[in-house]
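J.: My structure is below; once you've seen it, I'll send some questions.
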Amino acid sequence: MGERKIRVLISKPGLDGHDRGAKVIARALRDGGMEVIYSGIRQTPEQIVATAVQEGVDVVGLSCLSGAHNQLFPEVVKLLRKQGGDDILVIGGGIIPYDDIPYLTKAGIKAVFQPGTPTDEIITFIKDNVGKSH
Amino acid sequence: MKSKDSVQEEYGRWEETTLKKALERSPERRESFKTTSDIDLKRVYTPLDREGLDYPKESGFPGEYPFTRGVRPTMYRGRFWTMRQYAGFATAEETNRRYTYLLEQGQTGLSVAFDLPTQIGYDSDHPLCTGEVGKCGVAIDSLKDMEILFNEIPLDKVSTSMTINATAAILLAMYCAVAEKQGVPLDQLRGTIQNDILKEYAARGTYIYPPKESMRIITDIFSFSKDHLPQWNTISISGYHIREAGSSAVQEVAFTLANGIAYVEAAIEAGLDVDSFAGRLSFFFGVHNNFLEEIAKFRAARRMWARIMRERFGAKRPTSWMLRFHTQTAGCTLTAQQPDNNVVRVAFQALAAVLGGTQSLHTNSRDEAFALPSEESVTIALRTQQIIAHESGVGDTIDPLGGSYAVETITQEIENKALEYIHRIDEMGGATKAIESGFMQGEIADSAYRYQKEIEQQKRIIVGLNEFTIEETPFTDILKISPEVEQYQKEKLNTVRGQRDSRKVTDALDRLKKAAQGTENLMPPILAAVKGYATIGEVSDVLREIFGEHKEHTVIT
């Protein structure tokens, strides 16, 4: 048996339906050798955390283009911690102003990727950071 | 005039002599040159490419079937396209100020961006709306907000486009109610509701009800509008979001027109005569980077729709054949890197839309890879349109690229490839089926992934992103929506709920429920409900109860 594949949940919290980025990332991570679950759009933080725990993922990737990231991303981290998912790596992307990144990082989003980020960069980040204590 | 044989002869000679020598000295940049739709571009197009084509049949004249050269006989020599910047954020109060500013700056029409709760039929205090209120558009909960949004904007003078789909009937009803309060008769209202639910399932995501019930709402709107709102565009069949989700130009045309066919079929099935509503159908496309392909795309779409309406549906009125469209420059082409370069991208895209004969245009702002545009950025975007209109001279003769061997040939190829898609969709049982089975979504996602890979493999150069990059200081001069907006909106909503005649609301919602259970047109009871200050959430919930909700099946291929 080979090495266990990294398991990733890609999800879209909130009401935003712009899923091009989420789908591209899901596919790129899968082609990069990871096991990827894509939840689809309009997920509540509660639903995302339930899926993450149930599926035993190593990484949660959040995508939001509606501007609601400051409320929704930290809520996912908070609920994950409550449910013992402290070791899950949470990353995010979307239409996110530079000014919001320090706040999100402080709230436990380990990386925020802006438009134009090469998918390889995200794959490398996940491989370098997954499984480390968060 | 030289004969075909002599052109052919000369072409052969050129290839064997001048061209051959040049290629021996230095090869071309690439083995082949393709558009986003995989159309192979020839080195040079000549009269040989237009051989045997019937000019009146393929091109015709402006304002006449098949409208390849434009829908109006004088196009921009008569009047320019409508300059219509899509705008909306925070509260109705703040957005009203932005509209007033844009109109003062010479904008000629309004375009309302609603926040997601408004688009998906939730009141601002619904638990699912945390963080979303006033974020990507203006928050509207009740008629009160619409009154504020259009305060001191004369609805008999300005045309208004509203990007609203699942809740289009409610927002249209509110607009009518505001007009009534301003003393403007409904038959004078000009504007558009997007009202295109099929592309919401396929690409944009703000659906509520299942397809069948959504189509009923749409045909009810068509029917109501033909009697009461003769100048209103009852739908804006949208390729823009399909394109933004990643499709090619050909897919954009094909899926949009396939959706258009589905709406026409639904309306005919609901008992409407095709010529009674077809003239009020409008379209909305994106305009991307590949300049010639985009111009050709608009020309092809016009010709295809004219033929579909006349030949497939037997429409008799010329207005039923016309594809009138709004264009927006492509948001997905804006880069977060070196954002000022976006001003240039937008200018070229806007020029392509004008050369393609658009009826109205939104130009994106340079900062939209980060947030909604700042006032300064949106002013540059509007000025870009004004420069094209007043300085470039391209509007002074109609369809100036018509007759270009290249543009005409690409127009033809886009039409051929898009027709192939439409035939495939017909075989699947139409657009609704093609969406329910995930066909359109899969095709779009494949194209999006290919595009991303091309950028990452440097097969496609995006200036400032994967070539000509620099170290940059973060761009932070952007529009921010205060978190207090949500609280303010909730308080305003509570005040409305406290002050209205709740009996009137309950009665109106009961009437709506009965209409939804039966076949009565939904518009009159919705109008009665919003006039009594029923909220978007309340009206949508009544329909949710009767119609149910759509659930998406997502597959990553």
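J.: Could you say which residue among B:Ile422, B:Ile388, B:Ile414 is away from chain A (no Cβ under 14 Å), over 30 Å from B:Ser482 (Cα atoms), surrounded by 15 or more Cβ atoms within 10 Å (Cβ to Cβ) and free of Cβ contacts under 8 Å to residues at least 60 places away in the same chain?
T.: One residue alone meets the criteria, B:Ile388.
J.: In the stretch B:464-502, what residues are out of contact with any Ser or Thr (no Cβ under 7 Å at 6 or more places or on another chain), among the small types (Gly, Ala, Ser) and at positive phi?
T.: Those that are out of contact with any Ser or Thr (no Cβ under 7 Å at 6 or more places or on another chain), among the small types (Gly, Ala, Ser) and at positive phi: none in the stretch B:464-502.
J.: Something else about it: Hey, among A:Leu29, A:Leu62, which residue is touching a strand residue (DSSP E or B) at 6+ places or on another chain (Cβ under 8 Å), outside any helix (DSSP H, G or I) and either away from chain B (no Cβ under 12 Å) or more than 30 Å from B:Val138 (Cα to Cα) (or both)?
T.: When all the criteria are applied, what remains is A:Leu62.
J.: Just checking, does the stretch A:112-128 include any residue being assigned to a strand (DSSP E or B) and either away from every other protein chain (no Cβ under 11 Å) or crowded, with 18+ Cβ neighbours inside 10 Å (or both)?
T.: Taking every residue of the stretch A:112-128 in turn, at least one turns out to be assigned to a strand (DSSP E or B) and either away from every other protein chain (no Cβ under 11 Å) or crowded, with 18+ Cβ neighbours inside 10 Å (or both).
J.: Specify the residue that is surrounded by the fewest Cβ atoms within 10 Å (Cβ to Cβ); the eligible residues are those in the stretch B:123-153 that are in a loop (DSSP other than H, G, I, E, B) and either under 19 Å from the mean Cα position of the chain (by Cα) or within 8 Å of another protein chain (Cβ to nearest Cβ) (or both).
T.: Checking each candidate, the answer is B:Thr130.
J.: Next question. How many residues, within the stretch A:2-21, are in a strand (DSSP E or B) and either out of contact with any helix residue (DSSP H, G or I) (no Cβ under 8 Å at 6 or more places or on another chain) or free of Cβ contacts under 8 Å to residues at least 12 places away in the same chain (or both)?
T.: So the answer is 0.
J.: Can you go through B:Val287, B:Val354 and tell me which one is of a type in the set (A, V, I, L, M, F, W, C), touching a residue at least 24 places away in the same chain (Cβ under 8 Å) and closer than 29 Å to A:Pro118 by Cβ?
T.: It is B:Val287.
J.: Can you name the number of the only condition in (1) of a type in the set (Gly, Ala, Ser); (2) away from every other protein chain (no Cβ under 13 Å); (3) surrounded by 22 or more Cβ atoms within 10 Å (Cβ to Cβ); (4) assigned to a loop (DSSP other than H, G, I, E, B) that A:Gly92 fails?
T.: (4)
J.: What residue, of B:Thr554, B:Thr476, B:Thr506, B:Thr535, is within 31 Å of the chain's Cα centre (by Cα), of a type in the set (Val, Ile, Thr) and over 27 Å from B:Arg204 (Cβ atoms)?
T.: B:Thr476
J.: A further question on this structure: Which pairs have Cβ atoms under 8 Å, sit 6 or more apart or on different chains, and link a residue in the stretch B:145-163 that is under 17 Å from B:Tyr533 (Cα atoms) to one that is β-branched (Val, Ile, Thr) and part of a loop (DSSP other than H, G, I, E, B)?
T.: Listed by first residue and then by second, the contacts come to B:Asp145/B:Thr91; B:Met146/B:Ile140; B:Ile148/B:Thr91; B:Leu149/B:Ile140.
J.: Another question, if that's okay. Mind counting the residues in the stretch B:7-29 that are among the basic types (Lys, Arg) and in contact with a helix residue (DSSP H, G or I) (Cβ under 7 Å, 6 or more places away or on another chain)?
T.: Within the stretch B:7-29, residues that are among the basic types (Lys, Arg) and in contact with a helix residue (DSSP H, G or I) (Cβ under 7 Å, 6 or more places away or on another chain) number 0.
J.: Checking the structure you have, find out if any residue of the stretch B:230-249 is closer than 21 Å to B:Leu172 by Cα, in a helix (DSSP H, G or I) and either at pLDDT 95 or above or within 14 Å of chain A (Cβ to nearest Cβ) (or both).
T.: no
J.: Can I ask one more? I'm checking my understanding of the structure. Among residues of the stretch B:437-458 that are more than 23 Å from the chain's Cα centre (by Cα) and of a type in the set (Asp, Glu), which one is farthest from B:Phe255 (Cα to Cα)?
T.: B:Glu456
J.: Can you name the condition, by its number, that A:Ile109 falls short on among (1) surrounded by 21 or more Cβ atoms within 10 Å (Cβ to Cβ); (2) part of a loop (DSSP other than H, G, I, E, B); (3) at the interface with chain B (Cβ under 10 Å from one of its Cβ atoms)?
T.: (3)
J.: Tell me yes or no: at least one residue of the stretch B:398-413 is outside any helix (DSSP H, G or I), modelled with pLDDT of 95 or more, closer than 30 Å to B:Lys199 by Cα and over 23 Å from the mean Cα position of the chain (by Cα).
T.: Within the stretch B:398-413 (the criterion being outside any helix (DSSP H, G or I), modelled with pLDDT of 95 or more, closer than 30 Å to B:Lys199 by Cα and over 23 Å from the mean Cα position of the chain (by Cα)), the answer is no, since none of the residues qualifies.
J.: Just give me the residues in the stretch B:328-342 being touching a helix residue (DSSP H, G or I) at 6+ places or on another chain (Cβ under 7 Å), touching a residue at least 60 places away in the same chain (Cβ under 8 Å), within 8 Å of chain A (Cβ to nearest Cβ) and not polar (S, T, N, Q), in sequence order.
T.: The answer is B:Cys332, and nothing else.
J.: Please find, among B:Asn233, B:Asn259, the residue that is among the polar types (S, T, N, Q) and more than 28 Å from B:Val158 (Cα to Cα).
T.: Sole residue among the options that is among the polar types (S, T, N, Q) and more than 28 Å from B:Val158 (Cα to Cα): B:Asn259.
J.: Keeping to the stretch B:68-101, report how many residues are touching a Phe, Trp or Tyr at 6+ places or on another chain (Cβ under 7 Å) and more than 23 Å from B:Glu375 (Cβ to Cβ).
T.: 1
J.: Between a residue in the stretch B:118-132 that is more than 15 Å from B:Leu493 (Cα to Cα) and any residue that is of a type in the set (Phe, Trp, Tyr) and assigned to a helix (DSSP H, G or I), which pairs come within a Cβ distance under 8 Å, given they are 6 or more apart or on different chains?
T.: Once the first residue is more than 15 Å from B:Leu493 (Cα to Cα) and sits in the stretch B:118-132, no partner that is of a type in the set (Phe, Trp, Tyr) and assigned to a helix (DSSP H, G or I) comes close enough.
J.: Only helices (runs of 4 or more DSSP H) wholly contained in the stretch B:265-332 count here; list those with 3 or more residues that are of a type in the set (Phe, Trp, Tyr).
T.: B:291-307
J.: Can you name every one of the helices (runs of 4 or more DSSP H) wholly within the stretch B:454-557 that holds 2 or more residues which are within 14 Å of chain A (Cβ to nearest Cβ)?
T.: Hits in the stretch B:454-557: B:484-499, B:536-547.
J.: Kindly provide the set of residues from the stretch A:65-79 that are within 13 Å of another protein chain (Cβ to nearest Cβ) and under 13 Å from the mean Cα position of the chain (by Cα), ordered by number.
T.: Correct list: A:His69, A:Leu72, A:Phe73, A:Pro74, A:Glu75, A:Val76.
J.: If you check A:Leu104 against the conditions, is it hydrophobic (A, V, I, L, M, F, W, C), within 14 Å of chain B (Cβ to nearest Cβ) and assigned to a helix (DSSP H, G or I)?
T.: yes
J.: Among the residues of the stretch A:36-59 satisfying the criterion of being of a type in the set (Gly, Ala, Ser) and within 10 Å of chain B (Cβ to nearest Cβ), which is surrounded by the fewest Cβ atoms within 10 Å (Cβ to Cβ)?
T.: If we take residues in the stretch A:36-59 being of a type in the set (Gly, Ala, Ser) and within 10 Å of chain B (Cβ to nearest Cβ), then A:Gly40 is surrounded by the fewest Cβ atoms within 10 Å (Cβ to Cβ).
J.: Determine whether B:Ser111 is under 18 Å from B:Glu368 (Cα atoms), away from every other protein chain (no Cβ under 14 Å) and touching a residue at least 60 places away in the same chain (Cβ under 8 Å).
T.: So B:Ser111 fits the description; yes.
The values are calculated or read from the model by the stated rules, or taken from the named source; none is laboratory data. Worth saying up front: this structure is predicted, and the values here are computed from it rather than measured. Every residue, glycine as well, gets a Cβ built from its backbone with ideal geometry; the counts of neighbours run over all protein chains shown.
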